Amino acid sequence: MGRLIDFDLPQNNILSNVGGGGASNDNPLDPEEFRRQGHMVIDFIADYYKNIEKYPVLSQVEPGYLKKRLPTSAPMNPESIETILGDVQDHIVPGITHWQSPNYFAYFPSSGSIAGFLGEMLATGFNVVGFNWMSSPAATELESIVMDWLGQMLRLPKSFLFSGNGGGVLQGTTCEAILCTLVAARDRTLRIIGNDNIGKLVVYCSDQTHCAFKKAAQIAGINPDNFRVIPTTLSSSFSMCPKALRNTIIADVEAGLVPIFLLATVGTTSTTAVDPLGPLCDVAKDYGMWVHVDAAYAGSICICPEFRHFIDGVEGADSFSFNAHKWFFTTLDCCCLWVKDPAALTQSLSTDPEYLKNKATESKQVVDYKDWQLALSRRFRSLKLWLVLRSYGVEKLRGFLRSHVKMAKVFQGFVEADNRFEVVVPRNFANVCFRITPSAVMSSSTKSSNGVLGEITNSNDISSPRTKTKVGLVNEVNQKLMESINGSGGIYMTHSVVGGIYLLRFAVGATLTQESHVIEAWNVVKQHAHAILNSIPTTHSQ
């Protein structure tokens, strides 16, 4: 099948404002030259967004394409910004997967905004290295203020806020937030039982937990044999079962092991499943475990009162994080982490070399964020978050988020109205998990559609050759559907496999997406599904 839309762009459009000539001053930070080149880059990016819908969403280049296009060594002499931007247009843009395209429905969104972009520019322009209060007081104090603002918007317990006894910090990603809290939990326990007993420490999650947790456990020195994964099922929408968790912990305690950390998720990567925070925290509390709540994707929408219930029970957790760079219109990277006990972080992560000592730190009246994170250096991330909050306000941000959920509901309605498709798991937020149904694939089967679906999804003997063959074919057809759609370039989606089911994920959240894009995306899905279903050999469906 050929491409569904024309991606050829006028060569002079994006570079219409790019003139001739190079830098006129040898000073790398000459204000006037910066002004000239900066205007050109802004115009370039503005035109990029103006035309972004005309590009194939998923880059169509082959591996190694760029090496064939660029010189084998750096230039000896200066090149003009005009020449460089020309090469960006000709060589870099074709190799970009356009996350900001209104036709981007893959993974989770990395939504941007004018405010987020300009805040990033300001942070880059000031280029401060705000590791402690002294290194740039505004960077530290604005971060503390913004984190309390956000915590209040989420209605987090006061114990998570600076206005209580807790506090918030901006990390780069959730991976860092998980590792920092895990290290704090590890050290809290080892101070009691001794460092020699690190091999006894056990951590817990579900089979839907992000892979970042496994990596964090490896880095933190947790014995790989002590990494517990609680199975989930389709019948429970892939949320973690508190009873299964408790039984696993009991077995570990009886074996002489020490449970220390539970990672619960609100909005899992595969299906946006929600773990029951209250009951899980109750189990963990009985064993003195640290509970971290990972709401990387779904935390944003919990600023809306009608979605706040998804984090009910967070009061029993020790830490909570979400990524403002996912679904909160703040450019990458910006992970918001709150902890009830900042001292637990600083006891594990603080350093005190002579060259960083100063009166402000010694006064104990300031926050030194270097002791809340892995690295020493840190960026002025709070500026872009501050601009987003001020530029749009709470109500308008809620409106943006609600519009994405509304569009996801529209897509869900299309899926449910077409008997060739089904929604695999309930939609919680703005991500629809769907597939071509087994009955559509097995259209020549003598069984009713319900019978076929029941055999495939509920059979006690899913390993039987007949059932495995059908499951494999259904998964194969859905995989071909996704690959065909993405290969066309018109839209971009990603997949997951849960409970043995291959599903397609339609995640609404790109800032530029409108309902018309969702409608067109469904048309693309239908076209490709029709072609694939009609191409299935008859022998496969018998």
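The values are calculated or read from the model by the stated rules, or taken from the named source; none is laboratory data. On a predicted model such as this, the values are computed, not experimentally measured, just so you know. No Cβ is skipped: glycine too gets one built from the backbone with ideal geometry, and neighbour counts run over all protein chains shown. Heavy atoms of the whole protein, side chains included, go into the accessibility calculation; ligands, DNA and RNA do not. Shrake-Rupley method; radii C 1.70, N 1.55, O 1.52, S 1.80 Å.
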Taking the stretch 504-517 only, how many residues are surrounded by fewer than 23 Cβ atoms within 10 Å (Cβ to Cβ) and in contact (Cβ under 8 Å) with a residue 60 or more places away in the chain? 6
Can you find even one residue in the stretch 344-353 that is within 26 Å of Gly164 (Cβ to Cβ) and touching a strand residue (DSSP E or B) at 6+ places or on another chain (Cβ under 9 Å)? yes
Could you identify the single residue in Pro56, Pro63 that is outside any helix (DSSP H, G or I), loosely packed, with under 15 Cβ neighbours inside 10 Å and on the phi < 0 side of the Ramachandran plot? Pro63
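Tell me the helices (runs of 4 or more DSSP H) entirely within the stretch 216-330 that contain at least 2 residues that are surrounded by 24 or more Cβ atoms within 10 Å (Cβ to Cβ) and of a type in the set (A, V, I, L, M).
277-285
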Would you tally the residues in the stretch 82-116 being closer than 30 Å to Asn523 by Cβ, in contact (Cβ under 8 Å) with a residue 40 or more places away in the chain and of a type in the set (Gly, Ala, Ser)? 6
Residues in the stretch 160-215 that are farther than 18 Å from Asn226 by Cα and not aliphatic (A, V, I, L, M) total 16
How many residues, within the stretch 140-163, are under 21 Å from Leu332 (Cα atoms) and open to solvent by less than 10 Å² (accessible area, probe 1.4 Å)? 7
Per the list (1) within 25 Å of His517 (Cα to Cα); (2) surrounded by fewer than 15 Cβ atoms within 10 Å (Cβ to Cβ), residue check on Tyr104 breaks on (2)
Which of the residues that make up the stretch 80-115 are closer than 19 Å to Ser59 by Cβ, polar (S, T, N, Q) and assigned to a loop (DSSP other than H, G, I, E, B)? Thr97, Gln100, Ser101, Asn103, Ser110
Please go through (1) at pLDDT below 95; (2) surrounded by 21 or more Cβ atoms within 10 Å (Cβ to Cβ); (3) not in a helix (DSSP H, G or I) for Val474 and return the number of the only condition it doesn't satisfy. (3)
Could you pull out the residue among Ser348, Ser382 that is open to solvent by less than 20 Å² (accessible area, probe 1.4 Å), out of contact with any Gly (no Cβ under 7 Å at 6 or more places or on another chain) and either basic (Lys, Arg) or in contact (Cβ under 8 Å) with a residue 60 or more places away in the chain (or both)? Ser382
State yes or no: is Phe400 open to solvent by 50 Å² or more (accessible area, probe 1.4 Å) and under 23 Å from the mean Cα position of the chain (by Cα)? yes
Output the number of residues of the stretch 482-501 satisfying the condition of being more than 25 Å from Thr233 (Cα to Cα) and not in a strand (DSSP E or B). 9
Can you work out which of the residues in the stretch 164-185 that are surrounded by 19 or more Cβ atoms within 10 Å (Cβ to Cβ), among the small types (Gly, Ala, Ser) and touching a helix residue (DSSP H, G or I) at 6+ places or on another chain (Cβ under 6 Å) is nearest to Ile222 (Cα to Cα)? Ala184
Scan the stretch 116-139 residue by residue and report those that are part of a helix (DSSP H, G or I) and open to solvent by 20 Å² or more (accessible area, probe 1.4 Å). Phe117, Leu118, Glu120, Met121, Leu122, Thr124, Gly125, Phe126, Pro137, Ala138
Considering the stretch 366-414 alone, what residues qualify as being at positive phi and among the basic types (Lys, Arg)? none
Which of the numbered conditions does Leu142 fail, given that it passes all the others? Conditions: (1) within 24 Å of Gly288 (Cα to Cα); (2) in contact with a Ser or Thr (Cβ under 6 Å, 6 or more places away or on another chain). (1)
How many residues of the stretch 277-321 are under 19 Å from the mean Cα position of the chain (by Cα) and without any contact (Cβ under 8 Å) to a residue 60 or more places away in the chain? The answer is 2
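Which count do you get for residues in the stretch 174-214 that are of a type outside the set (A, V, I, L, M, F, W, C), over 26 Å from the mean Cα position of the chain (by Cα) and not in a loop (DSSP other than H, G, I, E, B)?
9
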